[in-house]
Amino acid sequence: MTAALSRRTSLGELLRRAPAIGPALALVVAVIVFSLTTKTFFDLDNMSLVLEQSLVVGTLALGQTLIILTAGIDLANGSIAVLATLLMASWVAAGMPAVLALLVGLAVATALGGVTGGLVTSIRLPPFIVTLGMFSIITALSLIYAGGQSIQVHSGLLSYLGTRRYLFGGIEVTYGMTLGLIMVLFLWYVLTRTAWGKHVYAIGSDPEASRLSGIHVRRTLLSVYLIAGLVYGIAAWQALGRVPNADPNAYQNANLESITAVVLGGTSLFGGRGGIWGTLLGALVVSVLRSGLTQAGIDDLYQDVATGVLVIAAVALDRLARRQQR
Amino acid sequence: MENLLQRNPNVNVVYSMNEPSGRGAYAAIKSRGLASNITMGSIDGGCEGVRDVAAGQFAVTVMQFPRKMAIEGVDAGVAYAATGAKPSGFHNTGSAVITDRPLAGIESQNTTWGLKKLLGIRSVQ
């Protein structure tokens, strides 16, 4: 084997073992570039802002990661979160105790994840089709429920994650960021250190082989969709912390943005490879690009161009890693 | 809005093309503690928007009259079907400046008037 070939193999090997290296590099490069080219980017308040801005889509992307690891996809996640914000906000406005509204809202989001999971596992419909349908249905139900209007939130508990903050080493930290980090650590732990996590990866790599080795494929898949639903409910709580206003027209592209974060994070759309830390980095890359390009005075539309180029590059790297695996 | 304020916090007026984006902008301004320095104006005259003017979040919004637009549109369709006459030219269905802080020389209505004019599935709560 020539030296050149073995070096290429080791690059593929590296990408396979640590798919989060790509987004980590992209993040470091972006932060350095924007710190050098703008006066306002490198500033503790702005770092805090960038973290806050990545919270809602980032949280949605955590649930999306679980589903994509099983070789599925979820187009309905943003719509589930929006419906949950409307339910929680309207119940509190109608006099329900905020704790109850929050818990029932989380339960509804979990149940909607379960409906998707049930359709995927029992009728064996492709997740793309099921969630495309769910997206359409839930978006319409939200508009009908809210009568096309937004609902202001005056509850301290519902906006708690964004309004309460403390200082951590000079950076303003909201409770939403803290919760986000706890979720990342928890999901990382269960994905990498528990049998359930191994099963999720196995199902994404090869469902038939997983079944033959005794994994309850359907039960595990259903649990993935249920947990993802709960995560979307928490994203709804994060959203009310960001803007204390439940709007049926909000987060219309959050489903695609969450997929963008997952893909940038090095998780393979073909399932079985990737992880939670990559998704965190992917969400941060998008947030840093938006913040940095705005402060550099560049048109919004070019921000979308930049994100699109990165997505294609990330999937191309994934392909490269896969091809060298064979 | 957050990123724009990070680039330059010395803003005194924010105008939004519709009220939902104005509410997002207001949330960003408020969390940066600039609500008292910035005057906000918007366009729509929706239920929430007029209430936001009444509550002081927006200084002003401009109300349009979609019901009137619909009525004139249907009338034009009926006239075309009956006589073949096509509508032509510019049809002004009107607009009204809604504010509780009127300025001399600018015709405006207060929010009490605005709340009465609201069209919506759920009326004023």
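The values are calculated or read from the model by the stated rules, or taken from the named source; none is laboratory data. Being a predicted model, the structure only gives us computed values, none of them experimental. Backbone-built Cβ (ideal geometry, glycine too); neighbour counts: all protein chains shown. All accessible areas refer to the heavy atoms of the entire protein, side chains included, with ligands and DNA or RNA removed. Shrake-Rupley method; radii C 1.70, N 1.55, O 1.52, S 1.80 Å.
Quick one: Cα centre-to-centre distance for segment A:194-225 and segment A:249-282, in angstrom? Here the two parts' Cα centres lie 20 Å apart.
Using a probe radius of 1.4 Å on heavy atoms only, what accessible surface per residue do you get for chain B? Whole Å² is fine. Display every interim value, and only then the final one.
Details: 7620 Å² over 125 residues.
On a per-residue basis, chain B sits at 61 Å².
Working note: Debye formula, equal point scatterers on the alpha-carbon atoms of segment A:166-222, no solvent; log10 I(q)/I(0) at q = 0.18, 0.20, 0.29 Å⁻¹ is -0.66, -0.73, -1.07. For chain B, the share of alpha carbon pairs falling in successive 5 Å distance bins from zero is 2, 10, 17, 17, 15, 12, 10, 7, 4, 3, 2, 1, 0 percent. With a Cα cut-off of under 26 Å and a minimum spacing of 8 residues unless on different chains, the lysine pairs in the protein assembly as shown number 4.
Length gain on complete extension for the stretch A:ASN249 to A:TYR302, per 0.36 nm per residue less the alpha carbon to alpha carbon distance? Present the calculation step by step, with values, prior to reporting the outcome.
Working: separation 53, 0.36 × 53 = 19.08 nm, distance 2.35 nm.
Taking 0.36 nm per residue and subtracting the Cα distance, the gain is 16.7 nm.
Residues in segment A:283-326 average 55 Å² of solvent-accessible surface per residue, probe 1.4 Å, ligands and nucleic acids excluded.
The trypsin sites (Lys or Arg not before Pro) of segment B:1-63 include none that meets both criteria, a DSSP state outside H, G, I, E and B (loop) and at most 15 other C-beta atoms within 10 angstrom of the site's C-beta. Segment B:52-74 and segment A:228-244 have Cα centres lying 31 Å from one another.
DSSP beta bridges confined to the protein assembly as shown are antiparallel in about 60 percent of cases. Computed over chain A with a Gaussian network model linking Cα atoms closer than 10 Å, the most mobile of A:LEU284, A:LEU62, A:LEU301 is A:LEU301. As a calculated quantity, the FRET efficiency between B:GLU72 and A:GLU172 at R0 = 41 Å, using C-beta atoms, amounts to about 0.20.
Three semi-axes describe the equivalent ellipsoid of segment B:23-70; taken as square roots of 5 times the Cα gyration tensor eigenvalues and ordered largest first, they are 25, 9, 8 Å. Take the Cα of B:GLU107, step 7 Å toward its Cβ, do the same at A:ALA316, and the gap between the two points is 6.0 nm. Note on chain A: Cα-only Rg and Dmax are 20.0, 73 Å. Cα centroid separation, segment A:176-192 to segment A:123-158: 25 Å.
Express the carbon and sulfur contribution to the solvent-accessible surface of chain A as a percent, rounded to the nearest whole number, probe 1.4 angstrom.
On the way: 10350 of 14880 Å².
Within chain A, the accessible surface is 70 percent carbon and sulfur.
Helical runs assigned H by DSSP (4 residues or longer) give the protein assembly as shown a calculated mean residue ellipticity at 222 nm of -21500 deg cm²/dmol, each run adding -39500 (n - 2.57) before division by the residue total.
The dipole here belongs to segment B:36-97: it is taken about the Cα centre, uses +1 on the Cβ of Lys and Arg and -1 on the Cβ of Asp and Glu, and is about 120 debye. Measuring r between the beta carbons of B:MET17 and A:PHE128 and using R0 = 35 Å, the FRET efficiency lands at 0.55.
So if we plug the beta-carbon distance of A:LEU143 and A:ALA209 into 1/(1 + (r/R0)^6) with R0 = 45 Å, what FRET efficiency do we get, rounded to 0.05? Please report the intermediate quantities before stating the final value.
On the way: r = 43 Å, r/R0 = 0.96.
Result of the calculation: an efficiency of 0.55.
All other residues whose Cβ lies under 14 angstrom from that of A:GLY265 are scored, Lys and Arg at +1 and Asp and Glu at -1, for a net of -1. Loop-located trypsin sites (Lys or Arg not before Pro) across segment A:95-199 with a Cβ neighbour count of 14 or fewer within 10 Å are A:ARG124, A:ARG164, with loop assigned by DSSP.
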